[in-house]
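**Q** Here you go, one structure.
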Amino acid sequence: MLTKKQIKEIREHLDKAQNPVFFFDNDPDGLCSFLLLQRFIQRGKGVAIKSFPEMNTEYSRKARELNADYIFILDKPVVSKAFFEEVKKFNIPVVWIDHHEVQVEIPDFVFYYNPVVGKRKSNEPVTYLCYKVSERKEDLWLAVAGCIADRFVPEFYSDFEKEYPELSVKSEDASDIFYKSQIGKIANLFSFALKDRISNVVKMSKFLMKVKSPNEVLEESSQNKEMHLRYKQIYRKYSKLLEKAKKNVSDDKILFFQYGGDMSISADLSNELFYLFPKKITVVVYLTGVKANISLRGNKIRKKVLKVLDKIEGAAGGGHENAVGCRMRIEDIETFRESLEKEFR
């Protein structure tokens, strides 16, 4: 958890920002973090970060294009040195809020906030941190959606249950809430709708900046029809892939599933497979061109996975204790798989 002093500092930065740009990781935690801060100050634009593993210089150009007087980076663990060099030239203040292990050197001019850093380490989702900053009770549902999507049950979930009993389920397990409730459906809707062309993501963001209640999100209308259409399109593909992956289950400790196509939904698949088979280490590989995007889930896997990645040239990755994402050349997948099997015997 951030300290009261840090929360106060973030509010002060938001007060100063007259035309901020919020760069957020391309997932529900990132999206909800942006929405909470934007709705709190009623100004600013949001830009989803599509580059992986790092936020690159393309986004410094975007900040200048939007005439930003402040930059907020939300839920992105790695930002390129070149990005910081560019924004420093234009003297734009940068506030970076994250909850991942620190993977790069933080420049002196960057205001960096991360509960992993400090005496009392924790790693609450950035949505949770941003809700502590905004404290807008009318945005409680957004805070819960972002937290649940990141598999975290906040202490204010009980308030949400009282406010929206029809959207919640009684559980202390974030995955149960995600897969069995309507607030979980909203979080999943966000996840799938973010996997759309930029113009539709922008339209969705504008709709969500002004929406009054979660029911307006669930009910399809002329304002959110693209969001619902994209959800339905991806859900059909997702369901088929999930059923195919379930057929791969064996007595092996590692559940390995590989697929290709025009869309990466490996993180979503690995999350649900791990929920269904919690004793296994789930590895979902998406093949794209000469590269592979890989999502891994399992209990306390991060250290061993990163150890394997260190031995593969050109591979990069990171994440949390139980959830890791990485990228490597397709020809290295078999080596990666064999090394994982040795590590997790």
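The values are calculated or read from the model by the stated rules, or taken from the named source; none is laboratory data. No experiment lies behind these values; they were computed from the predicted model shown. Here the Cβ positions follow ideal geometry from the backbone for every residue, glycine too, while neighbour counts run over all protein chains shown. These area figures cover heavy atoms from the full protein model, side chains too; ligands, DNA and RNA do not enter into them. Shrake-Rupley method; radii C 1.70, N 1.55, O 1.52, S 1.80 Å.
**Q** Please name which of Val285, Gln182, Gly298 has its Cα lying farthest along the dipole of the chain towards the positive end, using unit charges on Cβ (Lys, Arg +1; Asp, Glu -1) and the Cα centre as origin.
**A** Val285
**Q** Leaving ligands, DNA and RNA out of it, report the carbon-plus-sulfur percent of the accessible area of segment 1-152 at a 1.4 Å probe.
**A** Percent of accessible area from carbon and sulfur atoms in segment 1-152: 48.
**Q** Okay, next question. Out of the GluC sites (Glu not before Pro) in segment 183-220, which ones are loop residues according to DSSP with at most 13 other C-beta atoms within 10 Å?
**A** Of the GluC sites (Glu not before Pro), the ones in loops of segment 183-220 whose Cβ has at most 13 other Cβ atoms within 10 Å are Glu219, Glu220.
**Q** A further question follows. Extending each Cα 7 Å along its Cβ direction at Ile330 and Glu219, get the distance between those two points in nm, one decimal.
**A** 4.7 nm
**Q** To the nearest 500 deg cm²/dmol, what mean residue ellipticity at 222 nm is calculated for the chain from DSSP H runs of n ≥ 4 alone, each contributing -39,500 (n - 2.57), summed and divided by the residues?
**A** It comes out at -14000 deg cm²/dmol, rounded to the nearest 500.
**Q** Taking every pair of alpha-carbon atoms in the chain, what share in percent sits in each 20 Å bin, from 0 to the bin with the longest distance?
**A** 30, 60, 9
**Q** Can you tell which of Phe24, Ile312, Val102 lies farthest toward the positive end of the dipole of the chain, using +1 and -1 charges on the Cβ of basic and acidic side chains (Lys, Arg; Asp, Glu)?
**A** It is Ile312, whose Cα lies furthest towards the positive end.
**Q** Sticking with this structure for a sec: Rounded to the nearest 5, what % of the DSSP beta bridges within the chain are antiparallel ones?
**A** 40 percent
**Q** Report, in debye and to the nearest 20, how large the dipole of the chain comes out about its Cα centre when Lys and Arg carry +1 and Asp and Glu carry -1 on their Cβ.
**A** Roughly 200 debye, rounded to the nearest 20.
**Q** With a probe of 1.4 Å, find how much accessible area the chain has per residue, and write the answer as a whole number in Å².
**A** For the chain, the per-residue accessible area is 48 Å².
**Q** Oh, and also: Once R0 is set to 25 Å, what does the formula 1/(1 + (r/R0)^6) return for the Cβ-Cβ distance between Leu306 and Arg11, expressed as a FRET efficiency to the nearest 0.05?
**A** After rounding to 0.05, the efficiency reads 0.10.
**Q** Let a ≥ b ≥ c be the square roots of the eigenvalues of the Cα gyration tensor of segment 41-148; is it rounded (a/c under 1.5), or, if not, prolate (a/b larger than b/c) or oblate?
**A** Judged from the Cα gyration tensor, segment 41-148 comes out oblate (a/c at least 1.5, b/c at or above a/b).
**Q** Something else about it: Excluding same-chain residues fewer than 8 positions from Lys210, which aspartates and glutamates have a Cα within less than 18 Å of its Cα?
**A** The qualifying aspartates and glutamates are Glu135, Glu138, Asp139, Glu219, Glu220, Glu226.
**Q** Between Asn322 and Phe109, 0.36 nm times their residue separation minus their Cα-Cα distance comes to what?
**A** That pair, Asn322 and Phe109, stretches by 73.5 nm at full extension.
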